[in-house]
Amino acid sequence: KTDTVKEHTKKTFKHAKFTKKASVSNFSHSLLSVTLKGHSGKVLGLDVSINGKYMASSSDDRSVRLWSVKDFGAGNKCVRVNVEFDHARFARFSPDSRAFIAGLAVENTVRVFKLGKNNDGVTTCIPIEGDFVKYNQADLLNIGGATSSGGSFVMTAYKNTTIMVRNLKGDILHTINTNQGNNNYAAVSPCGRFVASCGWTPDVKVWAVNFTRSGEYKDVTRAFELKGHTTTVWSFDFNNDSTRQDGVNKILFFRMVTVSKDGSWRFYDTGVEYEKGQEPYLLHTGEFHISDCSIDKDFCIVALSPDARVVAVACMNNIIVFSTASGQVEVEFKEVHTEIITALIFDIAGRYILSSGDKHVRVFHNVLGYKETIRELEEKIRPIPSASSVRERYQKQVDEAKKSLN
């Protein structure tokens, strides 16, 4: 079975065009916070828990490692979780951060792991007996779990046009046919209300997963689409914060970003009343270029910061970071990994950008996030009278952001 695992990994990540591979990575950058080491095989996926405490990295070395976010700067402290007779392509935390689900590469199914602590306070992780029932018609593309409106579900998306909404035991509640040729990417929104997909069509389709007031599954309905690209959408992302502080008030704040084979990115306001037929608003669009990459041929991964101020795009083994407000590129990280980048995410607080692609995880400071926060708040302060309490609150936020930036 070990040989089967190795062969599956070899087939999954074969890329004829990519030749920049070295046994040792000499990457360094002034914004690199730390390189997390510990895996003996390729790191395939990354995820962060909603409580902001943990980051999970899944690898073809048949392990998932749990890292403490607050200890990123303290080296390579982590908890190793073994994946018996298989390896995890993805690991996704549950909404309560007390478990994670793993997408198994060889068995093509989902396994649940429960987190806990032993008597010494050390984090433990135990697999729950009974993997989800396998789907044999296509390989897993992505997985996710969510809780919303009192109901919980797990999404399993596949590389054909299938997305399944399941209960926590793995029973299928609803099957979606995306009609997008093949799925390039699919995900669950952080708010737990939606599942979305993109593929070989120039749009992103979003569905709402609905529950009754008592928490029982009701149905899945089409919510809205993100339109405007002229060809294949490579990937998309949601912002994590559904609310934003605006002076003394909190406002609802839903954003999505897309990147396409047409070489453009598009940034949308998705906080709409879709039940009444409202469509998402396009806020910004622009072209992007990454060194040594052919955007029309090489798959791109996009990540949106929790506050939706910053976008990171990875292609091959390079990353660019730019502002959603101006579209201007802040920084480009070249040859970050010795192999193709497999995952790109922000931590929940938006302080870091994380990437994987070889045996290591790179953790970068999200400097642009602080700069954009300062710029936006200073614009809001200008027209406010100097004696206003609202101005004082804004100024306090500016001072805190500048302190973090320095």
*Just a yes or no: is a residue in region 185-200 touching an Asp or Glu at 6+ places or on another chain (Cβ under 8 Å) and among the basic types (Lys, Arg)?*
no
*All but one of (1) over 25 Å from CYS191 (Cα atoms); (2) out of contact with any strand residue (DSSP E or B) (no Cβ under 6 Å at 6 or more places or on another chain); (3) not small (Gly, Ala, Ser) hold for ASP96, so report the exception by its number.*
(1)
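Only one residue in LEU282, LEU304 is over 14 Å from HIS229 (Cα atoms) and modelled with pLDDT of 95 or more, so which one is that? Quick ask: steps written out before the conclusion?
Working: LEU282 fails: over 14 Å from HIS229 (Cα atoms).
Within the list LEU282, LEU304, the selection yields LEU304.
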*Say whether the condition of being under 19 Å from the mean Cα position of the chain (by Cα), crowded, with 21+ Cβ neighbours inside 10 Å, modelled with pLDDT of 90 or more and not basic (Lys, Arg) is met by at least one residue in region 67-75.*
yes
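This table checks each residue for (1) under 30 Å from GLN395 (Cβ atoms); (2) touching a residue at least 24 places away in the same chain (Cβ under 8 Å); (3) outside any loop (DSSP other than H, G, I, E, B).
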site	(1), (2), (3)
PRO306	yes, yes, no
GLU332	no, yes, yes
GLU335	no, yes, no
TYR370	yes, yes, yes
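Please find, within region 139-182, the residue that is modelled with the lowest pLDDT out of those that are β-branched (Val, Ile, Thr), surrounded by fewer than 19 Cβ atoms within 10 Å (Cβ to Cβ) and under 22 Å from SER94 (Cβ atoms).
Filtering region 139-182 for residues that are β-branched (Val, Ile, Thr), surrounded by fewer than 19 Cβ atoms within 10 Å (Cβ to Cβ) and under 22 Å from SER94 (Cβ atoms), the one modelled with the lowest pLDDT comes out as THR147.
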*Can you pull out the residues in region 76-92 that are within 22 Å of the chain's Cα centre (by Cα) and either assigned to a strand (DSSP E or B) or over 13 Å from HIS39 (Cβ atoms) (or both)?*
CYS78, VAL79, ARG80, VAL81, ALA88, ARG89, PHE90, ALA91, ARG92
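Which of the residues spanning region 159-186 are among the aliphatic types (A, V, I, L, M) and in contact with a Lys or Arg (Cβ under 7 Å, 6 or more places away or on another chain)? Don't jump to the end; show me each part of the working.
Narrowing region 159-186 to residues among the aliphatic types (A, V, I, L, M): 163-165, 168, 172-173, 176, 186.
Answer for region 159-186, where residues must be among the aliphatic types (A, V, I, L, M) and in contact with a Lys or Arg (Cβ under 7 Å, 6 or more places away or on another chain): ILE172, LEU173.
Of everything in region 353-381 that's hydroxyl-bearing (Ser, Thr, Tyr) and under 13 Å from the mean Cα position of the chain (by Cα), which residue is nearest to LYS403 (Cα to Cα)? Can you show your working first?
Just the residues of region 353-381 that are hydroxyl-bearing (Ser, Thr, Tyr), to begin with: 355-356, 370, 373.
From what is left, the residues that are under 13 Å from the mean Cα position of the chain (by Cα) are 355-356.
On the way: SER355: 26, SER356: 29 Å.
Only one residue fits best here, namely SER355.
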_Residue among CYS191, CYS125 that is within 19 Å of VAL48 (Cα to Cα), at pLDDT below 95, assigned to a strand (DSSP E or B) and not aliphatic (A, V, I, L, M)_ = CYS125
*asked:* What's the total number of residues in region 47-75 that are among the small types (Gly, Ala, Ser), in contact with a strand residue (DSSP E or B) (Cβ under 6 Å, 6 or more places away or on another chain) and part of a strand (DSSP E or B)?
replied: 5
*Is there a residue being at pLDDT 95 or above, farther than 26 Å from PHE132 by Cα, crowded, with 22+ Cβ neighbours inside 10 Å and in contact with an Asp or Glu (Cβ under 9 Å, 6 or more places away or on another chain) anywhere in region 202-218?*
yes
*From LYS380, LYS359, LYS334, which residue is surrounded by fewer than 17 Cβ atoms within 10 Å (Cβ to Cβ), of a type outside the set (S, T, N, Q) and under 24 Å from ASP47 (Cα atoms)?*
LYS334
*asked:* Residue under question is ASP131, and the condition is that it be more than 26 Å from ALA105 (Cα to Cα) and either assigned to a strand (DSSP E or B) or out of contact with any helix residue (DSSP H, G or I) (no Cβ under 8 Å at 6 or more places or on another chain) (or both); does it hold?
replied: no
*Answer yes or no: is there a residue in region 241-250 that is buried (at least 23 other Cβ atoms within 10 Å of the Cβ), in contact with a strand residue (DSSP E or B) (Cβ under 9 Å, 6 or more places away or on another chain) and either modelled with pLDDT of 95 or more or within 30 Å of VAL398 (Cα to Cα) (or both).*
no
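Just checking, which of ILE384, ILE319, ILE341 is at pLDDT 95 or above and assigned to a loop (DSSP other than H, G, I, E, B)?
Unique residue meeting the criteria: ILE341.
The values are calculated or read from the model by the stated rules, or taken from the named source; none is laboratory data. Because the structure is a prediction, the values reported are computed rather than measured. Note that we place each Cβ from the backbone using ideal geometry, even for glycine, and neighbour counts take in every protein chain shown.
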